[in-house]
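The values are calculated or read from the model by the stated rules, or taken from the named source; none is laboratory data. The structure presented is a predicted model; accordingly, all values stated were derived computationally and were not measured. A quick note on method: Cβ atoms are made from the backbone with ideal geometry, for glycine too, and the neighbour counts reach across all protein chains shown.
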Amino acid sequence: MDTKRCADCAEDMKLEARKCPRCGARTEPLHRDMEGKKLAGVCAALGRELGVDAALLRVGFVVALAVSGGTALMVYLLLWAFTPPSAVGRAPLQRAVDWLGSVGGSEEPRVERRV
Ligand SMILES: [Zn+2]
């Protein structure tokens with residue numbers, strides 16, 4: 001059987017385990033799941049995070065979309081922007097923030113000297 005190792009206590013556990021059985025550390029951060037990828041995987045990631053069936057979230061999202069129209073779509077896009085594509089990936093928004101930070105940081109701060 002395939003196992004993986006806890007990053008915190010080096011305990012071996014099942015590959016599909018979400019939490020370490022020994023120290024309880026989470027084995028993966030919130031991320032979009034490539035396996036259950038529908039609607040960009042946001043529902044799958046949210047469902048895993050909340051312990052809710054992703055199918056239920058999808059139904060809820062579709063209903064919300066039908067009722068509120070653009071609002072649900074905006075919420076969905078926001079969730080997508082905040083969720084990295086994989087456990088090791090970075091959220092699209094985070095990349096944008098980093099890029100803005102690097103652009104802003106390259107400018108020399110102007111110090112005005114008065115004698
Ligand atoms: Zn552990």
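Identify all residues within region 2-42 that are modelled with pLDDT under 70 and outside any loop (DSSP other than H, G, I, E, B); write none if there are none.
Once the filter is applied, which keeps residues that are modelled with pLDDT under 70 and outside any loop (DSSP other than H, G, I, E, B), region 2-42 yields 39, 40, 41.
Collect the residues in region 1-17 that are more than 8 Å from the ligand (Cβ to nearest atom), surrounded by 12 or more Cβ atoms within 10 Å (Cβ to Cβ) and under 24 Å from the mean Cα position of the chain (by Cα), keeping them in residue-number order.
Looking only at region 1-17, we keep the residues that are more than 8 Å from the ligand (Cβ to nearest atom), and these are 1-5, 12, 14-17.
Next, from what is left, pick out any that are surrounded by 12 or more Cβ atoms within 10 Å (Cβ to Cβ): 4-5, 12, 14, 17.
Passing the criteria: 4, 5, 14, 17.
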